[in-house]
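Below is one structure; the comments refer to it alone.
The values are calculated or read from the model by the stated rules, or taken from the named source; none is laboratory data. Predicted model only: the values in this text are computed from it and were never measured. Positions of Cβ are backbone-derived with ideal geometry, glycine not excepted, and every protein chain shown enters the neighbour counts.
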Amino acid sequence: MKICHKIMAAGIMWGGLVWSGLPALAAPPFDFYPENIDAREERQQERIFRGVQSGEITPREYRRLEKEQARIQAAENRMRPDGRLSPWERARLNAMLDRSSRHINQARFSHNYHGARHRPHGPGHPHYQRPGVNAREARQRARIYQGVRSGQIAPGEFRRLGREQARIRAAEARMRADGRFTQGERARLQQRLNRSSAHISQARHKYRTMR
């Protein structure tokens with residue numbers, strides 16, 4: 001009889017432990033792999049860098065890929081106001097990164113099937129110039145592209161400059177969210193573009209002084 005009671009008591013205790021552990025199993029903690037998203041973003045920037053360096057990615061494709069990377073970064077910033085990502089948010093970001101990964105592959109390898117691609121447009125080209133802030137953003141992307149192609153911009157500097165360009169685009173999107181772009185907002189954005197322009201020059205000048 002005493003043996004039966006002991007067996008029943010042990011069963012109840014074990015059942016309680018299992019039951020109390022179920023919520024933890026059903027709801028994994030936030031950011032179980034916090035490095036995963038950032039690591040994928042870094043790898044994709046490295047792949048874009050190699051594609052630009054080798055000439056596989058054209059200036060137009062580079063602009064498109066960098067805009068996509070900026071949208072992913074902006075989405076992550078919106079999802080992380082408290083510094084955490086839920087499993088659902090992580091899945092959404094991974095889906096965006098899956099699409100951008102395919103786009104990088106298409107940009108790098110489509111030249112094998114379509115032959116020669118167009119080269120960078122110079123400042124005098126009719127499709128190069130765009131008015132105001134957009135023209136400066138386009139010129140800065142072209143300078144980064146040319147710096148990578150010439151070997152003047154290293155992979156680490158490329159990632160840093162890319163993140164800065166993404167922050168500028170995110171700031172512009174916030175300023176235009178109400179459908180207006182005031183003179184004060186334009187001036188603040190021009191100041192950020194002044195800083196990023198100086199950073200591009202510093203990255204390229206560093207290469208020249210090291211030779």
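Table for the structure above
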{"item": "Filtered residues of the stretch 46-83 (kept if assigned to a loop (DSSP other than H, G, I, E, B) and either in contact with a Pro (Cβ under 9 Å, 6 or more places away or on another chain) or of a type outside the set (D, E, K, R) (or both))", "result": "GLY55, ILE57, THR58, PRO81, GLY83"}
{"item": "Some residue of the stretch 182-193 being more than 26 Å from THR58 (Cβ to Cβ), in a loop (DSSP other than H, G, I, E, B) and at pLDDT 85 or above", "result": "yes"}
{"item": "Filter result for the condition that a residue is more than 21 Å from ALA74 (Cα to Cα), surrounded by 11 or more Cβ atoms within 10 Å (Cβ to Cβ) and modelled with pLDDT under 85, over TYR113, TYR128", "result": "TYR128"}
